[in-house]
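Input: a single structure, listed below in structure tokens.
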Amino acid sequence: MSAPFVKNRTEWLTLRRALLGSVALVVLSLSLPAPVAAQTLNDRLAARAQNDKKSRMLVDAKEVVYDRDKDLVSAVGDVQIYYQGRVLEADRVTYDRKNKRVYAAGNARMTEADGTKSYGDRFDLTDDFKNGFIDSLRVETPTKSRLSAARAERTGGEQTVFERGTYTACEACKDDPSKPPLWQVKAKRIIHNNSEQRIYYEDATMEFWGMPVAWFPFFAAPDPTVNRLSGVLSPRFVSKTRLGYGASIPIYWAAGKNYDVTFTPTYFSKQGFHGDVLWRHRLENGSYNIRANGIFQQDRGQFRDPAYFGQADRLFRGSISSAGKFYLNEKWTFGWNGAIATDRFYFNDYKVKPTSLSSAFFQESISSVYLRGQGSRSWFDLSAYHFLGLSTSDWQPQIGSAAPTFDFERRFTPPTVGGELTVNFNGAAIHRDAAYYQSLLNGPATLLNYSGTTGKYLACATAAGGSYTPGQCLLRGFAGDYMRTSFEVSWRKQFIDPVGQVWTPFASLRGDLAWLQVKQSGYNSPANVFGTGRYGNDNQNAFFGGNADNFLIRGMPTIGIEYRYPFFAASGFGTHHFEPIVQFIARPNEQRIGKLPNEDAQSLVFDENSIFALNKFSGYDRVEGGTRLNYGGRYSFTANNGAYVSLLFGQSIHIAGRNSFAQYDLANTGRNSGLESRQSDFVTAATFQPNVTSTFTARGRFDERTLALKRLDIEGSTKISQKVELAALYSRIAPQPELGYSLRREGVHLKSRIDLPRNFYVTGSVLFDLDRYLTLRAVGIDKDRWSVAGTTLGFGYKDECTDFSLLYSRTYNDYISGTNLRTTTYLMKLELKDLGDSTLARRTSR
């Protein structure tokens with residue numbers, strides 16, 4: 001007969017308080033912070049004592065029973081046992097002291113230190129919880145992946161073998177838990193090795209909706225709790241017109257805790273073996289990577305297209321790229337991002353995407369190195385840039401480099417006058433080997449000396465052969481060296497008078513120092529341009545008025561005031577806000593127009609965002625001059641239900657001096673902008689936001705005399721019932737012949753996403769080029785007005801464990817200068833959570 005260890009309730013309460021006190025003592029000791037200084041002998045002894053406490057087994061239960069005959073100790077009722085970072089919970093836990101075994105039954109659960117939870121009908125473990133057997137085991141990882149088996153064996157606390165096991169990352173069906181999940185892996189044996197952080201599957205079958213679709217004799221996958229683990233990654237399959245069919249099998253090597261290598265071999269049926277190696281290294285204050293790839297082409301004839309200019313028809317093609325970013329301290333950052341290639345078409349042909357790409361369309365690679373700092377009221381940037389053109393219209397000698405460039409801004413609060421004082425420094429050094437000319441279509445100037453090797457023109461002259469006249473031909477990029485340093489100090493202060501009017505006086509002083517050396521050799525030599533020994537009037541010197549080697553100084557003082565008078569009115573529906581705005585700016589004429597290159601100020605869009613800008617030019621190479629008055633009004637209404645409406649109207653008037661926007665610089669910047677006349681075009685903008693998921697915006701520019709539409713941009717997005725997302729963008733720009741656009745530009749982009757029942761969705765987009773037919777008809781090609789420039793159609797499924805997508809895409813390149821008339825892409829991607837992903841792509845061009 002067994003005799004209970006606890007004889008009465010008084011002894012039981014005393015024992016339970018002692019146990020709970022021990023647990024509380026250990027928990028408290030674990031929560032104390034560890035010392036950071038060097039440990040003394042007493043510290044080491046205290047740490048050893050604390051480790052001894054961690055190794056103790058702590059028990060919390062409603063009742064503890066001791067069977068002396070069988071030498072068993074049983075904890076009964078809401079049992080929790082803490083031991084070496086693990087927690088064992090059950091309705092009843094029995095400890096066999098003779099055999100040193102622990103048995104847990106009834107809602108048994110064990111939680112590992114990493115959060116992994118194991119459930120079973122019955123646990124049969126050694127007293128250190130490292131070895132044993134578990135019946136009806138179910139394991140749930142911290143990432144919600146699940147392993148299960150009728151019986152499992154635990155060995156050394158590091159390995160669990162699931163007999164006839166099942167793995168899935170999908171949650172069970174709430175309506176019918178017995179229903180098979182979307183996907184699962186069933187295997188004769190599943191071995192989960194914690195020390196290797198890997199799961200092995202033997203004689204495994206992949207099932208979808210309970211139906212087997214694939215069988216594997218053996219495969220392995222990383223533990224769901226690990227982020228990095230050496231091994232073979234999921235394969236990629238591709239098919240392309242010039243490359244043939246291809247397959248990639250990435251191999252990942254976690255060489256250290258903070259660095260790794262990924263080797264991606266790819267074999268193409270037409271071109272052979274393509275190798276790609278990526279090295280990543282994370283340091284204490286940042287990280288960097290280096291990537292190298294290339295191929296010895298087997299069929300170079302696939303790239304013998306005139307549009308390639310012979311660059312891709314070579315035996316070896318490849319690239320090297322690198323990127324890094326380091327935090328020197330909380331304010332300063334140093335980094336780089338760059339790529340070089342054997343030819344500009346390599347990245348697009350082999351779909352190698354370095355981080356230096358400016359977009360996903362392989363148009364330009366921007367390599368840079370930078371040092372940046374940012375304070376609460378200051379900013380510093382010192383950078384160097386190299387631009388690599390990747391399209392068929394690019395010729396590298398015409399693409400400049402900027403090294404170095406710097407920008408510094410610091411804002412102060414003056415102690416005497418108050419307001420805000422801003423100091424700004426900006427500078428750049430630009431180099432280009434060949435001049436980049438652009439003719440004005442249907443204009444009096446023509447481009448000369450076409451090069452079949454480069455596909456570019458190297459000179460510009462008038463049709464009559466006379467002297468070059470500014471404005472008749474554009475110099476988008478000069479050849480030579482150009483350095484500019486700009487300094488500006490500005491001040492502004494806001495005053496609000498007793499009636500609520502807001503007055504903001506402002507003043508600034510800017511100075512520019514520039515050095516220019518026009519290149520007259522190589523592509524730009526007189527003999528290369530005209531075949532004669534003379535410079536003539538159509539050389540680059542004609543653009544700069546003879547200032548080929550000069551130091552130039554330019555200054556611009558500015559003074560003005562801005563007036564606003566906001567009105568607010570509350571109604572039963574919401575709040576109205578109306579604000580008239582008047583801005584007066586006085587300054588002298590802009591100097592040196594056309595005497596300096598225009599590298600950073602060629603983009604000028606006159607709209608609601610720039611009408612009240614003190615300098616409407618986008619860069620430092622141009623500075624607005626003359627006296628000007630800007631006026632307008634802004635109205636907004638905010639409804640009680642959250643709806644919002646805003647309207648803006650404005651115009652700019654040139655009062656005195658020389659209108660900077662009416663002058664001809666090297667790129668005609670300002671002409672056809674709406675600002676070149678005394679009274680500018682009218683600009684308007686409207687926004688309507690009926691709710692938080694819908695926004696519609698329209699902005700326009702209208703002729704100041706006839707109100708003819710000069711520019712219109714309309715965009716909107718909405719989400720209907722959380723299931724349907726719609727977005728649209730329409731743009732129309734009137735002809736700008738003095739900028740090289742003699743025809744109207746117009747386009748529409750539509751896209752949508754519809755969430756279907758049961759986690760399915762469809763996506764689609766279409767891009768209409770509504771002005772292409774005008775260009776084609778100008779060269780004798782008859783084309784419909786509605787020309788499709790690109791389409792995409794997608795279908796997918798996404799839930800907590802699966803991401804599956806199908807994508808169809810077709811783009812149409814330019815009929816005149818594009819390398820392909822049509823490019824079609826098919827893409828399929830399947831990702832199974834914590835198991836892997838695979839991609840299949842096919843791309844055809846003609």
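The values are calculated or read from the model by the stated rules, or taken from the named source; none is laboratory data. From a predicted model like this one, the values you see are computed outputs, not experimental measurements. Backbone-built Cβ (ideal geometry, glycine too); neighbour counts: all protein chains shown. Protein only, heavy atoms only, side chains kept; ligands, DNA and RNA dropped before computing areas. Shrake-Rupley method; radii C 1.70, N 1.55, O 1.52, S 1.80 Å.
Whole-Hz ³J(HN,Hα) for each residue in the range 752-767, computed from phi via Karplus 6.51 cos²θ - 1.76 cosθ + 1.60 with θ = phi - 60°, x for glycine and proline: what do you get?
Per-residue couplings from phi come out as 8, 9, 10, 7, 8, x, 6, 6, 8, 7, 10, 10, x, 8, 8, 10 Hz.
Give a residue-ordered list of calculated ³J(HN,Hα) values for the range 316-326 (Karplus: 6.51 cos²θ - 1.76 cosθ + 1.60, θ = phi - 60°; whole Hz; x for Gly, Pro).
Along the range 316-326, the couplings run 9, 9, x, 7, 10, 9, 7, 8, x, 8, 10 Hz.
Suppose a student asked you for the relative contact order of the range 717-757, using Cα pairs under 8 Å spaced at least 6 residues apart; what percent would you report? Please list the in-between numbers first.
Values: 60 pairs, mean separation 16.9, N = 41.
Once divided by the residue count of the range 717-757, the mean separation gives 41 percent.
Report the net charge of residues surrounding Glu704, where surrounding means a beta-carbon distance below 12 angstrom and charges are Lys +1, Arg +1, Asp -1, Glu -1. Walk me through the numbers before you get to the answer.
Details: positive: Arg678, Arg701, Arg705, Lys710; negative: Glu676, Asp681, Asp703.
With Lys, Arg at +1 and Asp, Glu at -1, the net is +1.
Give me the net charge of Ser610's neighbourhood, meaning all other residues with Cβ under 14 Å from the Cβ of Ser610; Lys, Arg count +1, Asp, Glu -1. Could you put the intermediate results ahead of the total?
Numbers: positive: Lys616, Arg622, Arg628, Arg699, Arg701, Arg711; negative: Asp607, Glu608, Glu624, Asp681, Asp713.
Neighbourhood net charge equals +1.
For Arg198, enumerate residues with amide H under 5 Å from its amide H, sequence gap 5+ or separate chain, H modeled in the peptide plane.
Amide H neighbours of Arg198: Asn193, Asp223.
Could you pull the Cα extents of the range 349-441 along its three principal axes, largest to smallest, in whole Å?
Largest first, the range 349-441 extends 61, 35, 23 Å along its Cα principal axes.
So for each of 116-127, 487-498 I average, over its residues, the number of other beta carbons within 10 Å; can you give me the resulting order with the highest mean first? Could the numbers behind the result be given before it?
Values: 116-127: 18.8, 487-498: 14.1.
Ranking the peptides 116-127, 487-498 by packing returns 116-127, 487-498.
Quick one: what are the phi-derived ³J(HN,Hα) couplings along the range 166-171, Karplus 6.51/-1.76/1.60 with θ = phi - 60°, whole Hz, x for glycine and proline?
9, 10, 7, 10, 8, 6
At 1.4 Å probe size, with no ligands or nucleic acids counted, give the accessible surface of Cys173 in Å², nearest ten.
Looks like 50 Å² after rounding.
May I ask for the net charge around Asn289, where only other residues with Cβ less than 11 Å from the Cβ of Asn289 are counted and Lys, Arg are +1 while Asp, Glu are -1? Don't jump to the answer; show the numbers that get you there.
Details: positive: Arg280, Arg282, Arg291, Lys325; negative: Asp260.
Net of charged neighbours comes to +3.
Once the principal axes of the Cα atoms of the range 679-754 are found, what is the range along each, listed largest first in whole angstroms?
46, 23, 15
Sort 204-212, 613-621 by the packing proxy (mean of other Cβ within 10 Å over each peptide's residues), most packed first.
On the way: 204-212: 14.0, 613-621: 19.7.
Highest mean packing first, the order is 613-621, 204-212.
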